[in-house]
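Enquirer: Below is one structure. I have some questions about it.
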Amino acid sequence: MQPPFSYKGTLRGLFEQFISVHNNSVEKQKQFKIGNVTVTDDNDYVSYSSSDYTVTLDAIKNKLIGTHGGYLQVRYEKDGKYIDYLEDFKLKSLQTVEFGKNIIDVKITKDHTERATALIPLGAKKSVVDEEGNETELDERVDITSVNDGRNYIYDELSVKEIGWIWVTEVWDDVTLPGNLLRKAKSRLSDMTQGVTSIELVIVDESDAGADIGDIRARMYVECISKPHGINGTYLVVSKTRDYLNPAGNTITIGASGITLTSQTVKQDKNISALEDDLLGKTYQIESIHGEIDSINANKMYRTELVVNGVNIFKNKGQKSTMLCKVYSWDKDITDTLSAECFIWHRKSSDEEADAEWDKNHIGMKQITITTEDVYDNASFYCEVKI
């Protein structure tokens, strides 16, 4: 547990403080040595405080990762266990994953109810120093008026024309310079105008199927291409599952929920040039590799994609979402060529009898509307396509 604290200093210093408090509270086998810290702050100065007791991991997420990004990594060395706080990872796979080849599932989620078109950014609280050198913190915060033509807000003109003025405000407690605040606000608004979007790809590692090529692991970047979904970029592998009885069935998950596809691509593309330099001189030619995944190709001739427009979790009465089932033959969208009778929707909840009645009323529809009346305590929905 991290006790209430007030901290002013470098970002690395705050990380060291969290780990030090943790180490003093646990037995030796649970302690960490500080490893590499590559996450930086533009001002090399942060100011944070907390009046509550917080679990160490939550404190790091809220005060460091939540504001400055980055990843935690544990390393086991001869002299002990290290914990790194890294801005990014530096490995890139030699493989390329493509829809219709070794991508076996795609999930993209958008929540249009979270969109915004205008943002009022606020920075750290201002302070004054009296004649005796005592510093007093004011209620007024740093804003962007001085660097934004006298306006304390920014907006996206195209989005305003599309959905009108939707205002939000966001506070960056660690930002003390108006110029830095404006830059952060512009980056944040570009995400808000798109709505909260997450991407999850499940792919097959060709090296597991016998291809003579380097494998794909977590904490490694991999190039992903899926024309039907507008995916063409380099993304981070966040997890991998291994099936020792059926190596060709190993799957890898790429992307992370809550991170926009656009911002993820922009952030990661900044590091690609450096990664590509590391690959120069290698003799592997990815284009010439053909993995032994015939069994996968045979089983995945047709693919479905469930598109949700609206919320995924109903929290309030009166909410609704539309669900559309798309069908692909490899990279070709064949949904329009299929009869609506091929689409059979199902609901799964704790009331099997009501589910059966709901299913009867949702046959022969390519698109359905889900409302709060369709969901009791808990329910999930899926579409069965018969071709």
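Enquirer: So if R0 is 30 Å, what FRET efficiency would Leu72 and Glu114 give, r being the distance between their Cβ atoms, rounded to the nearest 0.05?
Expert: It comes to 0.65.
Enquirer: Please list, in order along the range 92-102, the HN-Hα scalar couplings obtained from phi with the Karplus expression 6.51 cos²θ - 1.76 cosθ + 1.60 (θ = phi - 60°), rounded to whole Hz, x for Gly and Pro.
Expert: 10, 6, 7, 8, 10, 9, 9, 5, x, 10, 9
Enquirer: Here's a follow-up. Pull out a ≥ b ≥ c, the square roots of the eigenvalues of the alpha-carbon gyration tensor of the range 19-89, then state rounded if a/c is under 1.5, prolate if not and a/b is larger than b/c, and oblate in the remaining case.
Expert: Taking the square roots of the gyration eigenvalues as a ≥ b ≥ c, the range 19-89 is oblate.
Enquirer: Related question: Is there a quick way to get the dipole size of the range 108-163? I mean about its Cα centre, with the Cβ of Lys and Arg at +1 and of Asp and Glu at -1; what is the value in debye to the nearest 20?
Expert: Rounded to the nearest 20 debye, it is 480 debye.
Enquirer: Determine ³J(HN,Hα), in whole Hz, for all residues of the range 333-346 in sequence, where each value follows from phi through the Karplus function 6.51 cos²θ - 1.76 cosθ + 1.60 and θ = phi - 60°; x replaces Gly and Pro.
Expert: 6, 10, 4, 5, 7, 9, 6, 4, 5, 6, 9, 10, 8, 9
Enquirer: Just the number, please: carbon plus sulfur as a percent of the accessible area of the range 66-152, 1.4 Å probe, no ligands or DNA/RNA counted. List each step's numbers first, then the result.
Expert: On the way: 2170 of 4870 Å².
After summing per-atom areas, the C and S share lands at 44 percent.
Enquirer: Would you please give the FRET efficiency between Glu157 and Val385, computed as 1/(1 + (r/R0)^6) with r the Cβ-Cβ distance and R0 = 45 Å, to the nearest 0.05?
Expert: Values: r = 41 Å, r/R0 = 0.91.
Computed FRET efficiency for Glu157 and Val385 comes out at 0.65.
Enquirer: So, one more: Once fully extended, how much extra length lies between Lys186 and Glu170, figured as 0.36 nm per residue of separation less the alpha-carbon to alpha-carbon distance? Walk me through the intermediate numbers first.
Expert: Details: separation 16, 0.36 × 16 = 5.76 nm, distance 1.18 nm.
This chain segment gains 4.6 nm when fully extended.
Enquirer: Still on this structure, please answer the following. What residues have an amide H closer than 5 Å to that of Lys92, excluding those fewer than 5 places away on the same chain, when H is modeled at 1.01 Å from N in the peptide plane?
Expert: Tyr221
Enquirer: Probe 1.4 Å, all protein chains in place: accessible area of Ile231 in Å², nearest 10?
Expert: 0 Å²
Enquirer: Moving to a separate point now. Please list, in chain and number order, the residues 5+ apart from Lys81 or on another chain whose amide H is under 5 Å from its amide H, with Hs placed from the backbone.
Expert: Lys33
Enquirer: Next question. What FRET efficiency, computed as 1/(1 + (r/R0)^6) with R0 = 45 Å and r the Cβ-Cβ distance, is obtained for Thr145 and Lys315, rounded to the nearest 0.05? Write out the running numbers ahead of the final one.
Expert: Details: r = 36 Å, r/R0 = 0.79.
Efficiency, from the Cβ-Cβ distance: 0.80.
Enquirer: Kindly write out, for the range 237-242 in residue order, the coupling ³J(HN,Hα) from the Karplus curve 6.51 cos²θ - 1.76 cosθ + 1.60 (θ = phi - 60°), rounded to whole Hz, with x marking Gly and Pro.
Expert: Here the 3J(HN,Hα) series is 7, 9, 7, 9, 10, 10 Hz.
Enquirer: Excluding ligands and nucleic acids, what accessible area in Å² is computed for Asp333 using a 1.4 Å probe, to the nearest 10?
Expert: For Asp333, solvent-accessible area is about 70 Å².
The values are calculated or read from the model by the stated rules, or taken from the named source; none is laboratory data. None of the values given here were measured: they were computed from a predicted structure. With ideal geometry, Cβ positions are generated from the backbone for all residues, glycine too; neighbour counts draw on all protein chains shown. Please note that ligands, DNA and RNA were not included when accessible areas were found on the heavy atoms of the full protein model with its side chains. Shrake-Rupley method; radii C 1.70, N 1.55, O 1.52, S 1.80 Å.
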